[in-house]
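Q: Below is one structure. I have some questions about it.
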Amino acid sequence: MSKPKVFLSREMLPECLERLQSESELEYNPDDRSLTEEEIIAGVKGKDALNVMAADPVGPAIMDGNPELKIIANFGVGYDAALYRV
């Protein structure tokens with residue numbers, strides 16, 4: 001079974017990165033800045049999962065940019081940072 005392909009919008013704590021690197025095909029933004037919607041769309045191409053920070057823009061364009069995307073997770077607290085497709 002192949003590992004899931006994951007895109008992180010920003011680097012995380014070393015412990016989180018180590019675990020994700022061991023359990024997935026990981027790609028992430030190494031810069032300490034929020035990505036634009038266009039950058040997230042480009043990064044999520046071909047990925048199974050997207051993990052964003054609360055300040056990152058997540059909306060229909062990102063979801064439509066990769067219809068194979070299985071999950072969008074928010075690294076933080078709360079639930080109102082993303083628009084949901086019904």
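Q: Among the residues of the stretch 36-46, are any assigned to a strand (DSSP E or B), touching a residue at least 24 places away in the same chain (Cβ under 8 Å) and either crowded, with 17+ Cβ neighbours inside 10 Å or of a type in the set (Ser, Thr, Tyr) (or both)?
A: Filtering the stretch 36-46 for residues assigned to a strand (DSSP E or B) gives none.
No.
Q: Kindly provide the set of residues from the stretch 38-63 that are in contact with a helix residue (DSSP H, G or I) (Cβ under 9 Å, 6 or more places away or on another chain) and among the acidic types (Asp, Glu), ordered by number.
A: GLU38, ASP56
Q: Taking only the stretch 4-35 into account, find how many residues are basic (Lys, Arg), open to solvent by less than 90 Å² (accessible area, probe 1.4 Å) and more than 20 Å from ALA54 (Cβ to Cβ). Steps first, please.
A: From the stretch 4-35, those basic (Lys, Arg) are 5, 10, 19, 33; that's our starting set.
Remaining after also requiring open to solvent by less than 90 Å² (accessible area, probe 1.4 Å): 5, 10.
Pick out the ones that are also more than 20 Å from ALA54 (Cβ to Cβ) and you get 5.
Count: 1.
Q: Looking at the stretch 49-60, I want the residues that are within 19 Å of LYS5 (Cβ to Cβ) and have a partner that is of a type in the set (D, E, K, R) with Cβ atoms under 9 Å, at least 6 apart or on another chain. Which pairs are those?
A: Between residues of the stretch 49-60 that are within 19 Å of LYS5 (Cβ to Cβ) and residues that are of a type in the set (D, E, K, R), the close pairs are ALA49/LYS5; ALA49/LYS70; ASN51/ARG10; VAL52/ARG10; ASP56/ARG10; ASP56/GLU37; VAL58/GLU37.
Q: Take the conditions outside any loop (DSSP other than H, G, I, E, B), modelled with pLDDT under 90, exposed (fewer than 13 other Cβ atoms within 10 Å of the Cβ) and not aromatic (Phe, Trp, Tyr) and apply them to ASP64. Does it pass? Steps first, answer last, please.
A: Details: outside any loop (DSSP other than H, G, I, E, B): yes; modelled with pLDDT under 90: yes; exposed (fewer than 13 other Cβ atoms within 10 Å of the Cβ): yes; not aromatic (Phe, Trp, Tyr): yes.
Considered against the rule, which asks whether it is outside any loop (DSSP other than H, G, I, E, B), modelled with pLDDT under 90, exposed (fewer than 13 other Cβ atoms within 10 Å of the Cβ) and not aromatic (Phe, Trp, Tyr), ASP64 comes out as yes.
The values are calculated or read from the model by the stated rules, or taken from the named source; none is laboratory data. Values in this document were obtained by computation on a predicted structure and should not be read as measured data. Every residue, glycine as well, gets a Cβ built from its backbone with ideal geometry; the counts of neighbours run over all protein chains shown. Note: accessible area is taken over every heavy atom of the protein model, side chains too, but ligands, DNA and RNA are not part of it. Shrake-Rupley method; radii C 1.70, N 1.55, O 1.52, S 1.80 Å.
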